[in-house]
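Working notes, beginning with the structure itself.
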Amino acid sequence: MNLHLKSERGVTLIEVLVSIFLLLLVLVGTTQLFVFSRRQINYQGHRSAALGVAQQGLEEMFADLFASRYDSVLAKTENNLQLDNLLCTRTTTIQAVDDSADGLGASDTDGDTEDYREVTVTVSWNERGRTNSVALQSLIAP
């Protein structure tokens, strides 16, 4: 008796399941990439808008400075400013700086220990449960 086994062509159930698993793995990875990219795009958009709010704060401070006097520049905090679809806080801090070029403190040659002011405008906002902030800094001489 002569038995010949024919090799049948086709795909087994195991091969189909492995193929589906690999396809799902690729699709989930690609979806996660899109989700992460979208979050980064949103964050960078909010960061760019926050820099604009900070720049606006510096410009307003400079306008006040030129409209009045050097001594009138004051630190302030502004809450609930609109940042795209989020609320933010803009804080302006001012610090007097004694430049070492003309001496420091009591040994200051011109007697003025406030040679210039360092102004920092910080904008902070909450996004996805995390506090983010950007800051711009400028120097003002009398």
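Structure summary
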read-out	value
Segment 35-51: number of residues that are among the small types (Gly, Ala, Ser) and either out of contact with any strand residue (DSSP E or B) (no Cβ under 7 Å at 6 or more places or on another chain) or loosely packed, with under 14 Cβ neighbours inside 10 Å (or both)	3
Residues of segment 1-20 satisfying the condition of being modelled with pLDDT of 90 or more and loosely packed, with under 10 Cβ neighbours inside 10 Å	Ile14
Near pairs, Cβ below 7 angstrom, 6+ apart or cross-chain, from segment 78-99 (on the phi < 0 side of the Ramachandran plot) to any residue that is of a type in the set (Lys, Arg)	Glu78/Arg90; Leu81/Arg90; Thr92/Lys76; Ile94/Arg117; Gln95/Arg117; Ala96/Arg117; Val97/Arg117
Pairs with Cβ under 9 Å, 6+ apart, first in segment 125-138 and within 16 Å of Ala54 (Cβ to Cβ), second in a strand (DSSP E or B) and among the aromatic types (Phe, Trp, Tyr)	Thr131/Trp125; Asn132/Trp125; Ser133/Trp125
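The values are calculated or read from the model by the stated rules, or taken from the named source; none is laboratory data. Note that this is a predicted model, so its numbers are computed, not measured. When we count neighbours, we look across all protein chains shown, and the Cβ atoms used for this are built from the backbone with ideal geometry, even at glycine.
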